[in-house]
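Worksheet for the structure shown next.
The values are calculated or read from the model by the stated rules, or taken from the named source; none is laboratory data. Model, not experiment: these values are computed from the prediction. Heads up, the Cβs are rebuilt from the backbone with ideal geometry, glycines too, and the neighbour counts pull from every protein chain shown.
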Amino acid sequence: MAYEFFLGIDVADQDSDGAGTVSLSLIEKSQDDSEEAAQYRLDSIEEYDADTEPETITDHIQSLLAESPYTARTGIFVNRESQRGQAVYDALEESGLPVRAITLTDEKHASPPTLDGDDESVAKQEAVRSIAKAHREGRLEIQHRHTEYASTLARKLQQYASLAVDAEAPVDVDPENEEDGEALPTQFDSLVTSAAVAVWMASQRSFDPTSHLKAEPNTSGNVVSGEPDTRG
């Protein structure tokens with residue numbers, strides 16, 4: 001089985017509760033066969049309040065990604081629209097971690113991934129639609145559902161999955177022409193967008209057939225609790 005990891009990072013905007021809060025979601029993407037739909041698993045989801053120094057967040061991420069199986073298998077994607085997002089991005093880049101800048105937009109469709117130094121444009125609604133659809137189809141496993149952040153994410157994804165997330169539903173539906181409750185909102189909790197970014201970026205990237213992938217990932221989803229990995 002091929003697998004890789006994607007860490008999505010977003011910051012709560014200034015008009016929301018908990019403005020400046022930094023949300024981190026670590027997603028595993030796995031795939032048995034290139035013809036089959038990819039599976040996703042939330043390994044870790046965390047928040048840091050607005051007073052937490054970017055260097056403290058970076059130190060945690062360095063420690064997390066130094067563990068097996070994340071080492072050399074994890075891409076980091078940071079929304080640096082805000083000053084705080086930029087500060088987190090700068091701290092990660094200075095540390096030498098493989099960080100990639102993104103910009104979350106209100107556009108109806110995301111731009112194709114680029115290979116140059118520009119930020120990748122990610123449409124918020126499309127990314128949330130993607131993760132909600134995966135959740136509804138049973139392709140997203142959420143670890144640590146008993147924890148506050150994972151529970152919040154699961155609840156919100158269930159809500160969004162009941163909206164316009166069908167494969168046949170057009171992304172560019174005008175909300176004014178939708179029945180009440182049928183359109184996705186335009187603003188989302190940073191917990192949701194951090195996870196959505198991770199899944200979206202994972203969905204846009206194919207496994208490299210030349211990479212050295214193990215037969216099975218060696219993780220039991222104990223990242224949040226800090227318990228040792230006991231899976232063989």
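Find the residue count for segment 86-106, including only residues that are more than 16 Å from residue 118 (Cα to Cα) and surrounded by 13 or more Cβ atoms within 10 Å (Cβ to Cβ).
Matching residues across segment 86-106 total 6.
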Give the residue that is modelled with the lowest pLDDT, with candidates limited to residues of segment 145-167 that are in a loop (DSSP other than H, G, I, E, B) and surrounded by 14 or more Cβ atoms within 10 Å (Cβ to Cβ). 165
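Consider residue 170 carefully, then state whether it is over 22 Å from the mean Cα position of the chain (by Cα) and either at pLDDT 75 or above or not aromatic (Phe, Trp, Tyr) (or both).
So residue 170 passes the test.
Would you be able to say whether some residue in segment 14-25 is over 16 Å from the mean Cα position of the chain (by Cα) and among the hydrophobic types (A, V, I, L, M, F, W, C)?
Yes, because at least one residue in segment 14-25 is over 16 Å from the mean Cα position of the chain (by Cα) and among the hydrophobic types (A, V, I, L, M, F, W, C).
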Check segment 202-216 and report whether any residue there is under 18 Å from residue 126 (Cβ atoms), surrounded by 17 or more Cβ atoms within 10 Å (Cβ to Cβ) and modelled with pLDDT of 55 or more. yes
Is one or more of the residues making up segment 60-83 within 15 Å of residue 193 (Cα to Cα), surrounded by 20 or more Cβ atoms within 10 Å (Cβ to Cβ) and of a type in the set (Gly, Ala, Ser)? no
